[in-house]
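Below is one structure, written out as structure tokens; the observations come after it.
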Amino acid sequence: MKAIPYGRQEITEGDILAVTEALQSDFLTQGPRILTFEQEFANYVDAKYAVAVSNGTAALHLSVLALGIEKDEYVICTPITFAASVNCVQYCGGNVLFADIDPVTYLMDIESVNKVIKSNKDKKIVGIIPVDFAGRVPQLDEFRALADEHDLWILEDACHAPGGSFLSLSKHKHKAGCGNFADLAIFSFHPVKHIATGEGGMITTNNEQLYRQLLELRTHGITRDAAKFENSIEFANGNSTKESSDFPMWYMEMQNLGYNYRLTDFQAALGSSQLLRADENLKRRIQIAERYTNELANCKGIIQSSGTIEGHAYHLYVLEVEDRRGLYDYLRSEQIFAQIHYIPVHLMPFYKNQGWKEGDLPNAETYYSRCISIPMFPSMSDEEQSLVITKILNYY
Ligand SMILES: *Cc1c(COP(=O)(O)O)cnc(C)c1O
């Protein structure tokens, strides 16, 4: 049997057809498929607006730019995430404070966030970046209440959770990235994620003003909206002798410092095609998770697992185990490529150089010492999963 990775994309004949069709059209980039994909994606996550960008990291960067941060301001982040969900604060010249994780959900712990706010009264904290780690969506209604109390924005990193949801205190179901509580949410379409476009990302929101701002920031900070122009029509017209009360068609203004973070039209075509299978693939992920939970329930050596949780989108299925290194090496020797998510961001040398050290976030560090993500992707066969389960049981 061939190697089993922890995650893998699936490209169907339909996907190939969709991309081929886009390649044969008049648009390679900035064509009509971008807006279509944006609207379909917004619809899928129950948000009003979506902005497609070149990758998840670009989505994070633009989001922090739009939400706003100044040089001497701080954002609260979780250490158990991909480094980009923290780095985005630094891209914009801001500073990072870490809160610890909840040892059961592995999500940013709201009590810890509260403590960080209380013990940093001398600092200006402007935002929080909770992460839907592994596919589990945080209790964003509670985060919103806390954020409102302290006038903070919320950027939800929902890369792991397209289609995932949580139940609010009032027992309503809210989807990851729906924008009911977070100001902005971001997604990635890297091949290991639920929906793959090669590289790609999306920002979702219910806030029209942020939406318009993000559209401009994605394309160099340029606007073509005449109502917003700051220069005069006379200037725009140049040496024209023709009297005109309209701006000429070519005219545009760069009003803010933006970037080129666009997705291409053929990537959007792939995204739309992949989105057609999103529900089906999510069901398959849940099925795989249920089987892991059941068949590994009595395995000695396993301390805790992702389990079977309502609303979980299962980007990852995580085990906390004894002798993690031993299990990892053993699985590798059997062609099963597990992965570790994540090395705590605050202990990356870049952040250690800012003063963070071992012992600062004990829950995250204990979690890291024993976590392992076992193979989880919709196209994994029952036989492949059987092999993974047998080998883990065998090891312990
Ligand atoms: C993948 C990922 C990102 C970054 O997305 P890219 O598209 O690779 O830039 C950010 N945050 C989390 C949690 C991710 O899993």
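So in the chain, what percent of DSSP beta bridges are antiparallel if you round to the nearest 5? List each step's numbers first, then the result.
Working: 25 of 41 bridges.
DSSP beta bridges in the chain are roughly 60 percent antiparallel.
Provide the FRET efficiency to the nearest 0.05 for the ASP323-GLN30 pair, computing r from the beta carbons and using R0 = 45 Å. Spell out each step's value before the answer.
Working: r = 52 Å, r/R0 = 1.15.
For ASP323 and GLN30, the calculated efficiency is 0.30.
Under 20 Å from a point placed 7 Å out from the Cα of SER381 along the Cα-to-Cβ direction: which residues of region 1-17 have their backbone N that close? 1-13, by backbone N distance to the label point. Taken over the Cα atoms of region 139-277, the convex hull encloses 161 Å³ per residue.
Please report, to two decimal places, log10 I(q)/I(0) for region 332-378 at q = 0.20, 0.23, 0.28 Å⁻¹ as given by the Debye formula with identical point scatterers on the Cα atoms and no solvent. Per q value, in the given order, log10 I(q)/I(0) is -0.72, -0.82, -1.00. Sorted largest first, the spans of the alpha carbon positions of region 272-354 along the three principal axes are 44, 36, 27 Å. At q = 0.13, 0.15, 0.26 Å⁻¹ the log10 of I(q)/I(0) for region 33-122 amounts to -0.57, -0.73, -1.19, computed by Debye summation with a single uniform scatterer per C-alpha, solvent ignored. When the Cα atoms of region 2-58 are aligned to their principal axes, the ranges along those axes come out at 40, 30, 21 Å in descending order.
So what is the 222 nm mean residue ellipticity for the chain from helices alone, if each DSSP H run of at least 4 adds -39500 (n - 2.57) and you divide by all residues, rounding to the nearest 500 deg cm²/dmol? Mind dumping the intermediate values first?
Values: 14 runs with 147 residues, N = 396.
Taken over the chain, the calculation gives -11000 deg cm²/dmol.
List PHE350, PHE181, PHE187 from most exposed to least, where exposure is judged by having the fewest other Cβ atoms within 10 Å. Walk me through the numbers on the way to the answer.
Numbers: PHE350 13, PHE181 22, PHE187 30.
So the ranking, lowest neighbour count to highest, is PHE350, PHE181, PHE187.
R0 = 25 Å: FRET efficiency of SER245 with ARG212, Cβ-based, nearest 0.05? E between SER245 and ARG212, to the nearest 0.05, is 0.50.
To the nearest 20 Debye, how big is the dipole of the chain about its Cα centre, given +1 on the beta carbon of each Lys and Arg and -1 on that of each Asp and Glu?
Details: 35 positive and 51 negative charges, 137 e Å.
Here the size comes out at about 660 debye.
Pairs of C-alpha atoms in the chain farther apart than 38 Å represent 24 percent of all such pairs. Among CYS88, CYS178, a tally of other beta-carbon atoms within 10 Å of each Cβ gives an order, fewest to most, of CYS178, CYS88.
Read-outs: derived from the displayed coordinates by stated rules, not from any lab. Note that this is a predicted model, so its numbers are computed, not measured. FYI the Cβ positions are ideal-geometry reconstructions off the backbone, even for glycines, and counts take in every protein chain you see.
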